[in-house]
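Single-structure report; data block below.
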Amino acid sequence: MITLPTSDGLGGALAYAQQGWPVFPCGEDKRPLTPHGFKDASTDLQQIQAWWERWPSAMIGVPMGARSGLFCVDLDRKPGGHDGVETWNHLVTIHATPPTLSAVTPSTGQHRYYQYQVGIRSIPLDKLAPGIEIKAEGGYMIVPPSKRNVGSYRWTNGSGITAPPRWLLERIHAHYVRPVTSTPTEPIAPHRISDALDYIDPDIGRAEWFAIGCALYCELRDSGFAVWNNWSSRGSKYNASEMERQWESIAQADGYAYSIGTLFYHAQNAGWVNVRTPEPATPTYSLTNPLSVEAARAKVAEAVRKFLAVIKSNPDHTGYTLHVPTGVGKTVMTAALIAATDFKIFFAVPTHRLGSELAETFAREGVCARIVRGREAKKPGSAIPMCLNLEQVELAIDTGQNVVSTCCKRKEHTCERYYECGYMRQFEDEQPQVWIGAHQLLFHEQK
């Protein structure tokens with residue numbers, strides 16, 4: 001059990017370091033004051049002394065992950081956002097959760113510290129559950145008794161740091177295996193779901209099993225329980241007594257933002273072939289093209305098949321161009337044809353809104369598709385740009401330098417905002433079959 005210091009600033013930092021926690025100084029805005037952020041964290045007492053002599057009112061930062069042996073469940077509680085404390089309190093009424101080292105923040109949020117488990121990475125706010133963020137490898141925490149102008153961080157439970165409960169680990173790992181993030185808007189034919197499930201072993205890994213339950217809830221809502229339960233009962237790991245409890249936790253989190261595409265993804269990995277023939281929508285206007293709608297659709301299908309056949313035999317082939325008016329159903333048809341292959345595809349669209357709609361179309365075909373956003377694009381649902389160091393990026397571009405090696409990460413140099421960067425993070429998760437991006441990404445050199 002760690003001895004919790006009562007003095008802030010230098011005294012607290014030295015006390016943590018003497019017990020093996022590497023520390024580093026952070027400012028009032030919680031941002032690191034050292035050049036390389038939490039990567040500079042140290043247990044060297046002289047270095048810590050020098051830092052706090054320079055910044056005597058600095059707060060104490062501790063990196064999460066292997067170096068400290070910790071990861072943290074950060075329960076956010078800020079105006080206008082989800083109440084993570086309320087979400088957590090609901091979860092622990094459903095699942096057995098032993099007490100562990102805990103703290104309260106100046107905004108009345110809470111931190112739950114657990115023993116680090118290999119492979120756990122940080123998960124952004126609201127992605128695991130409303131108001132909850134996971135800080136692990138690649139993240140850091142401000143620890144008590146650090147002080148801000150608005151208040152102090154305080155330890156509220158001085159018990160030992162315990163291993164994370166099984167239910168929490170299952171949800172964390174389920175987040176990592178999720179291949180599709182968009183939610184279809186039209187119902188899937190029940191026989192397609194049944195056919196796909198027939199290919200998936202119900203004794204699949206625990207995280208994948210839970211993710212499939214989430215996918216069924218998002219598509220079928222309450223009626224999905226019977227489907228999930230029936231499929232699960234075919235496996236040797238089936239435990240009838242836990243099914244309703246697990247389903248309740250899925251429903252409480254509204255399915256953790258999965259889609260039925262997750263189920264199709266696992267089914268295709270197990271050999272399921274999606275043979276559905278798409279029915280494109282009726283044209284949105286009268287075509288001036290002398291071809292009939294059917295002939296135009298056939299021409300699109302022929303061009304896409306020819307393109308896929310050529311890139312299979314000649315990856316350096318540039319491509320085809322084909323002028324097709326709107327309303328023919330080319331997008332739906334193209335998605336269905338791509339779904340029958342394992343090719344890596346970049347699908348260009350003029351706007352991110354259209355990209356979101358396209359991701360839904362691919363999800364319905366069982367294809368893992370994800371939107372790639374440029375550095376200046378805003379993070380989804382936020383006014384914050386994907387890249388958090390745009391001034392340096394612009395300077396590198398103006399001087400003809402490689403952006404990644406000069407601004408992001410190379411050898412010993414890492415941008416202090418690298419692990420918060422939405423632009424770089426989007427390439428670190430599981431890679432999709434289809435990247436969806438803006439047209440302009442095709443027409444300038446990518447650095």
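When you check E28 against the structure, is it assigned to a helix (DSSP H, G or I), of a type in the set (D, E, K, R) and either assigned by TED's automatic domain parsing to the domain that holds E133 or touching a Pro at 6+ places or on another chain (Cβ under 7 Å) (or both), yes or no?
Values: assigned to a helix (DSSP H, G or I): no; of a type in the set (D, E, K, R): yes; either assigned by TED's automatic domain parsing to the domain that holds E133 or touching a Pro at 6+ places or on another chain (Cβ under 7 Å) (or both): yes.
Answer is no for this residue.
Residues P79, P35: which one is assigned to a loop (DSSP other than H, G, I, E, B) and without any contact (Cβ under 8 Å) to a residue 24 or more places away in the chain? Reasoning before the result, please.
Values: P35 fails: without any contact (Cβ under 8 Å) to a residue 24 or more places away in the chain.
Criteria check complete, one pass: P79.
Each row is one residue, and each column tells you yes or no for (1) of a type in the set (D, E); (2) closer than 30 Å to I132 by Cβ; (3) at pLDDT below 70; (4) assigned by TED's automatic domain parsing to the domain that holds Q433.
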site: S259; (1), (2), (3), (4): no, yes, no, no
site: Y265; (1), (2), (3), (4): no, yes, no, no
site: P278; (1), (2), (3), (4): no, no, yes, no
site: A281; (1), (2), (3), (4): no, no, yes, no
site: L287; (1), (2), (3), (4): no, no, yes, no
site: E302; (1), (2), (3), (4): yes, no, no, yes
site: A309; (1), (2), (3), (4): no, no, no, yes
site: K312; (1), (2), (3), (4): no, no, yes, yes
site: D316; (1), (2), (3), (4): yes, no, yes, yes
Item to check | Extreme residue, surrounded by the most Cβ atoms within 10 Å (Cβ to Cβ), among residues of the stretch 334-353 that are part of a helix (DSSP H, G or I) and modelled with pLDDT under 75 | outcome: H352
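Residues of the stretch 62-76 being outside any strand (DSSP E or B), buried (at least 20 other Cβ atoms within 10 Å of the Cβ) and not polar (S, T, N, Q), which ones? Reasoning before the result, please.
Within the stretch 62-76, the first condition is being outside any strand (DSSP E or B), and the residues that meet it are 64, 66-69, 76.
In the following step, the residues that additionally are buried (at least 20 other Cβ atoms within 10 Å of the Cβ) were identified as 64, 68, 76.
Listed by number, the residues that qualify are M64, D76.
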Next on the checklist: Looking at the stretch 198-218, can you tell me whether even one residue there is touching a Ser or Thr at 6+ places or on another chain (Cβ under 7 Å), modelled with pLDDT under 90, in a helix (DSSP H, G or I) and among the small types (G, A, S)?
Outcome noted: yes
Checklist outcome for this item: Of (1) part of a helix (DSSP H, G or I); (2) modelled with pLDDT of 70 or more, Q401 satisfies every one except (1)
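Restricting to the stretch 377-387, name every residue that is at pLDDT below 80 and outside any strand (DSSP E or B).
A377, K379, P380, G381, S382, A383, I384
Looking only at the stretch 31-87, filter to residues that are among the hydroxyl-bearing types (S, T, Y) and more than 27 Å from the chain's Cα centre (by Cα); which one of those is farthest from N389 (Cα to Cα)?
From the stretch 31-87, those among the hydroxyl-bearing types (S, T, Y) are 34, 42-43, 57, 68, 87; that's our starting set.
Still in the list and also more than 27 Å from the chain's Cα centre (by Cα): 34, 42-43, 57.
Numbers: T34: 16, S42: 25, T43: 29, S57: 26 Å.
That would be T43.
Step by step: first the residues of the stretch 102-119, then only those that are assigned to a loop (DSSP other than H, G, I, E, B) and farther than 18 Å from N89 by Cβ, then the one that is modelled with the lowest pLDDT. Which residue is that?
Here is the first cut: in the stretch 102-119, the ones assigned to a loop (DSSP other than H, G, I, E, B) are 105-109, 116-119.
Still in the running and farther than 18 Å from N89 by Cβ: 106, 116-119.
Values: P106: 93, Y116: 92, Q117: 86, V118: 79, G119: 76.
So the residue we want is G119.
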Checklist entry - Any residue in the stretch 248-255 that is at pLDDT 75 or above, of a type in the set (D, E, K, R), buried (at least 20 other Cβ atoms within 10 Å of the Cβ) and under 25 Å from the mean Cα position of the chain (by Cα)? => result no
Next on the checklist: Regarding the stretch 355-371, can at least one residue be identified that is at pLDDT 80 or above and either farther than 23 Å from I260 by Cα or in the same structural domain as Y258 (by TED's automatic domain parsing) (or both)?
Outcome noted: no
Next on the checklist: Here is a check on your reading of the model: is Y176 modelled with pLDDT of 90 or more, closer than 26 Å to S68 by Cα and not acidic (D, E)?
Outcome noted: no
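The values are calculated or read from the model by the stated rules, or taken from the named source; none is laboratory data. Only a predicted model underlies this, so the values are computations on that prediction, with no experimental measurement involved. Cβ atoms come from the backbone with ideal geometry, glycine included; neighbour counts cover every protein chain shown.
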